[in-house]
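Engineer: Mind looking over this structure? Questions follow.
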Amino acid sequence: MTRPDDAAGPTPGGPVPAGPAAGPTSPPPDPPRPGSAAAVPGGPGLTWWRRAGASSWLVPVLALVAGLVAGLLVRPTAPGWLAPYLPVAVVAALDALAGGLRAALERVFDDLVFVVSFLTNAGVAVALVAVGEQLGVGGALTTGVVVVFGIRIFTNATALRRHLFGV
């Protein structure tokens, strides 16, 4: 004879139903870290050097050396109309580099954020100088851009110093 509560499911201490709900469940996997190969679309192909056993600093250093050698051999020249924009683009790029170093030391570096920051900083700086040139105050806006990015660079340098030396 069956009891009415058997139809409602197992009683405590009674038989355990078979199937996917039976037994302990494993915890969900941790989400991928920002900047990791799993977090970036097409990620595993972006870190081929790590699978090959190279250090994480080897590829950027080799790329820097290759760029310096290519620059010294080719000796590129910039056209005259580009002259007002190059200094602010370089300062904006240095700001993104200092921010990237700070993020890497704080273990929060994200490749996508770095690239977007790099391109956005340079683009905004060049756009401000271009607007200043059109308004006839190019020198003043160039100085303003350099001062703002200089303050950001020194702020990041201070954070780097504190992180590395504890002072």
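No lab work stands behind these numbers, since they all come straight from the coordinates. What you see is a predicted model, and the numbers here were worked out from it, not measured in a lab.
Engineer: Could you state the number of Å between the C-alpha centres of segment 142-167 and segment 70-90?
Structural biologist: Rounded to whole Å, the Cα centres lie 24 Å apart.
Engineer: I would also like to ask the following. Given the Cα-Cα distance of W81 and V116 and 0.36 nm per residue of separation, how much length would full extension add, in nm?
Structural biologist: 10.0 nm
Engineer: If you don't mind, another one. Working out 0.36 nm times the residue gap between I151 and L68, then minus their Cα-Cα distance, what length gain in nm do you get to one decimal?
Structural biologist: 27.1 nm
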